[in-house]
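What follows is a short report on a single structure.
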Amino acid sequence: MRILGIDPGIARVGYGVIDTSNGQQKMLDCGIIRTNPGNSEGDRMVEIARDLRQLIRSWKPQLASVEKFFFYRSSSTISVVQARGVIMMTLARFQVPVVEFPPMQIKLALAGSGHAEKDEVLEAVMRELNLDQPPRPDDAADALAVALTGWFQR
C-alpha cells in the first residue's frame, strides 16, 4: 500500500510517501510544500493545492494520513486550519481515502507514549523505515511519522 503522510501548515506542508509490502515499510519520498510568505493567504492556498495535486498525480497514494490540527492560541491558527481544509478538499477531489490522527496518537503509535519527545519519534521513524540519516526538514520527518501511523492503525 502506498501512503501519503501530511503535516499541515501554511508556510510549510510536510509530506512523506511510504510503500508497504511484505511486512516492510519503505520511504519513497519526503519533503515540504513551501509557500511564498509574500503572497496573499489565498494565493498560498492555491500553491498548496497545486503542489499537492502534483504529488498525488506522481505517487498515486492509496491512502492519505493527515495530522489533525492541535488547537492552540497562535496568530497562525486560522491560516493553518484553512490550509488543512485545502489539503482535505484536494485529497477528496482525487478520491484518496483519508485517516486523521492527533499528535498524541502519532507519538503513541511510534514511540509508545503520547507524551514522547520529538527525538524519540524521529528515532522510531528512522528505525521503521530503515534510514541511516534523519529525514529533513522536520516537517517532512513529521509527515513520515503520520504516514507510518496510518499504516499501523489501518
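Values in this text are rule-based calculations from the coordinates and carry no lab data. Quick caveat: nothing in here was measured; it's all calculated off a predicted structure. No Cβ is skipped: glycine too gets one built from the backbone with ideal geometry, and neighbour counts run over all protein chains shown.
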Check: Using unit Cβ charges (K, R positive; D, E negative) and no other charged atoms, how large, in debye to the nearest 20, is the dipole of the chain about its Cα centre?
Finding: 520 debye
Next item on the list: Starting with the fewest neighbours, write out F101, F152 ranked by other beta-carbon atoms found within 10 Å of each beta-carbon.
Entry: F152, F101
Margin query: Please report the projected area of the stretch 2-152's Cα convex hull averaged over all directions, in nm².
Written below: 8.5 nm²
Checklist line | Ellipticity estimate at 222 nm from DSSP helix runs (n ≥ 4, -39,500 (n - 2.57)) divided over the chain, nearest 500 | finding: -15000 deg cm²/dmol
Note to self: Taking θ = phi - 60°, what integer Hz values does the Karplus form 6.51 cos²θ - 1.76 cosθ + 1.60 yield along the stretch 131-144, in sequence order, with x for Gly and Pro?
What the structure shows: 9, 7, 10, x, x, 10, x, 4, 4, 5, 4, 4, 5, 5
Checklist line | Part-to-part distance (alpha-carbon centres) for the stretch 1-66 and the stretch 103-133, which is given in Å | finding: 19 Å
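Test of the criteria: in the stretch 11-83, which chymotrypsin sites (Phe, Trp or Tyr not before Pro) are in a DSSP loop and have at most 12 other Cβ atoms within 10 angstrom of their Cβ?
Listed in order of number, the matching sites are F70, F71, Y72.
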Next item on the list: Could you tell me which GluC sites (Glu not before Pro) in the stretch 58-154 are loop residues by DSSP with no more than 16 other beta carbons within 10 angstrom of their beta carbon?
Entry: E117
Check: Which of I78, I32, I18 moves the most in a Gaussian network model of the chain with Cα springs under 10 Å?
Finding: I78
